[in-house]
Amino acid sequence: PYSSYERAKNERHNGMLRKFVPKGVSIKCFRFEQILSFADKLNGLPRKLLNYKTPEEFFDENLDKIYSNQK
């Protein structure tokens, strides 16, 4: 994080990642496919900041808006 107010968000996401990668274990111990699986699971969790949508849903909605404005 660049600013102190961003630190809590960073720590929250680190904690979420710890469900898959225990503290003290290097991420190098995991295959690329496993890391992608972790990312998919984390991106499938709803977030209060996104009005309880998942990051995937939020991204898709905004991508649709971008594409509809280009036509």
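The values are calculated or read from the model by the stated rules, or taken from the named source; none is laboratory data. For clarity, every value in this text was computed on a predicted model and none was experimentally measured. Virtual Cβ from ideal backbone geometry, glycine too; neighbours counted across all protein chains shown. Surface areas here come from the heavy atoms of the whole protein model, side chains and all, with no ligands, DNA or RNA. Shrake-Rupley method; radii C 1.70, N 1.55, O 1.52, S 1.80 Å.
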Check: For the chain, which whole-number percentage of the solvent-accessible area (1.4 Å probe, protein heavy atoms only) is attributable to carbon and sulfur atoms?
Finding: 56
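By how many nm would the segment from His13 to Leu42 lengthen if fully extended, with 0.36 nm per residue of separation less the alpha-carbon distance?
Values: separation 29, 0.36 × 29 = 10.44 nm, distance 0.88 nm.
Computed gain between His13 and Leu42 is 9.6 nm.
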Check: Which value in nm describes the separation of the simple spin-label points at Tyr5 and Phe59, placed 7 Å from the Cα toward the beta carbon?
Finding: 2.6
Next item on the list: Using a 10 angstrom cutoff on alpha carbons, build the Gaussian network for the chain and name the most mobile of Leu50, Leu42, Leu17.
Entry: Leu50
Item checked: Label point distance in nm, Ser68-Leu49, each placed 7 Å from Cα along Cα→Cβ -> 2.5
Notebook entry, point to check: Solvent-accessible area per residue for the chain at a 1.4 Å probe radius, Å²?
Noted result: 88
Margin query: Can you tell me the convex hull volume per residue for the chain, based on C-alpha atoms, in Å³ to the nearest whole number?
Written below: 142
